[in-house]
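Enquirer: One structure is given below, represented as structure tokens, and several questions about it will come after.
The values are calculated or read from the model by the stated rules, or taken from the named source; none is laboratory data. Just so it is clear, the structure is predicted and the values come from calculations on it, not from any experiment. Note: ideal-geometry Cβ built from the backbone for every residue, glycine included; neighbour counts use all protein chains shown. What goes into the accessible areas is simple: the full protein's heavy atoms, side chains included, and nothing from ligands, DNA or RNA. Shrake-Rupley method; radii C 1.70, N 1.55, O 1.52, S 1.80 Å.
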Amino acid sequence: MSVKILIVEDEEDIRHLLYLHLAKEGYEIFEARDGVEALEIFNRENIDLLIVDVMMPRMDGFTLVKNIRESSQVPVIFLTAKAEEQDKILGLGLGADDYVVKPFSIIELLSRVNAHLRRYIQYSPKGQPSNLIKNGILRIDLDNYALQKNSIEIDLNPKEFKMLKLFMENLGRVFTKKQIYEAVWQEPYFGDSNTIMVHISHLRDKIEPDPKNPSYLKTIRGIGYRMENNNEQT
């Protein structure tokens, strides 16, 4: 089965360049000139990765990714001329997996594409039984709300389990505190970051081999938190 990549870019020269190099790698390529066209293709095809420009007509890249994240965790790489730090924080906060600024190295971009696809296809929970998710020494059973660490059962309260489930279902994705709070508590977030920090600390105490030097649940300064994919190390 071929791997499908959707290029969303209003500049034809860049679309063509990406198409040539990605097709040469053996990927099946789809092209869109704006977010509206991209969303139509995404809803029709089983897309495995998107490369998305930010500034486009009809629907911009940020809005497109926000729509996609309502139903899918497919890898997204922003490829944009918007180099300001707040734009990068916004893009990653919306759920993008990577942010590449133009002008870019096609070799570096291909490397990032391959890395994200390898994690998504080879190591994502899609390849495991739907009720079990594994990451390194951690394994959660969604049916029984149970966590095992090195085959030893670890007690989690309901909020800790929901938080861990969110991270383990989205390895490598950065979540803002707002996204974490609204997903776990299921109510609007009003900036109470202390609640998130306390739960993250308690969760680290339970899942990390060394909570003071976390290898699973990483802090992404100025943005939020991300769970590292440690399946490759086991």
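Enquirer: Return the pairs, sorted by first residue and then second, in which the second residue is outside any loop (DSSP other than H, G, I, E, B) and of a type in the set (Ser, Thr, Tyr), the first residue lies in the stretch 186-215 and is touching a residue at least 40 places away in the same chain (Cβ under 8 Å), the beta carbons are less than 6 Å apart, and the residues are 6+ apart or on different chains.
Expert: none
Enquirer: Given the conditions (1) closer than 18 Å to Arg173 by Cα; (2) not in a helix (DSSP H, G or I), which single one is not true for Asp87?
Expert: Of (1) closer than 18 Å to Arg173 by Cα; (2) not in a helix (DSSP H, G or I), only one is false for Asp87: (2).
Enquirer: Show me the helices (runs of 4 or more DSSP H) entirely contained within the stretch 154-231 in which 3 or more residues are within 17 Å of the chain's Cα centre (by Cα) and outside the structural domain of Arg119 (by the TED database).
Expert: On the way: elements: 158-168, 177-184, 193-207.
Once the helices (runs of 4 or more DSSP H) in the stretch 154-231 are filtered for at least 3 residues that are within 17 Å of the chain's Cα centre (by Cα) and outside the structural domain of Arg119 (by the TED database), what remains is 158-168, 177-184.
Enquirer: Do any residues in the stretch 1-14 that are in contact (Cβ under 8 Å) with a residue 24 or more places away in the chain have Cβ atoms under 9 Å from those of residues that are surrounded by fewer than 23 Cβ atoms within 10 Å (Cβ to Cβ) and hydroxyl-bearing (Ser, Thr, Tyr), where the two are at least six apart or on different chains, and which pairs are they?
Expert: From residues that are in contact (Cβ under 8 Å) with a residue 24 or more places away in the chain, the pairs are Ser2/Tyr27; Val3/Tyr27; Lys4/Tyr27; Ile5/Tyr27; Ile7/Tyr19.
Enquirer: Any residue in the stretch 64-88 that is closer than 14 Å to Asp98 by Cα sitting within a Cβ distance under 9 Å of a residue that is polar (S, T, N, Q) and open to solvent by less than 10 Å² (accessible area, probe 1.4 Å)? List the pairs, counting only those 6 or more apart or interchain.
Expert: That search, which allows pairs on different chains as well, returns Asp87/Thr80.
Enquirer: A further question on this structure: Here is a list: Ile140, Ile220, Ile180, Ile196. Which entry is closer than 29 Å to Lys66 by Cα and in contact with a Leu (Cβ under 6 Å, 6 or more places away or on another chain)?
Expert: It is Ile140.
Enquirer: Filtering the stretch 191-234 down to residues that are of a type in the set (Lys, Arg) and more than 29 Å from Gln86 (Cβ to Cβ), which residue is surrounded by the most Cβ atoms within 10 Å (Cβ to Cβ)? Spell out the reasoning first.
Expert: Pass one, the stretch 191-234, residues of a type in the set (Lys, Arg): 204, 206, 212, 218, 221, 226.
Of the ones still in play, those that are also more than 29 Å from Gln86 (Cβ to Cβ) are 206, 212.
Details: Lys206: 15, Lys212: 7.
Ranking the candidates gives Lys206 first.
Enquirer: Which condition from (1) in contact with a Lys or Arg (Cβ under 9 Å, 6 or more places away or on another chain); (2) closer than 25 Å to Ile77 by Cβ is the one that Leu166 breaks?
Expert: Single failed check for Leu166: (1).
Enquirer: Suppose the filter is touching an Asp or Glu at 6+ places or on another chain (Cβ under 9 Å), hydroxyl-bearing (Ser, Thr, Tyr), assigned by the TED database to the domain that holds Ile77 and open to solvent by less than 70 Å² (accessible area, probe 1.4 Å); does Tyr99 pass it?
Expert: Values: touching an Asp or Glu at 6+ places or on another chain (Cβ under 9 Å): yes; hydroxyl-bearing (Ser, Thr, Tyr): yes; assigned by the TED database to the domain that holds Ile77: yes; open to solvent by less than 70 Å² (accessible area, probe 1.4 Å): yes.
Criteria met by Tyr99.
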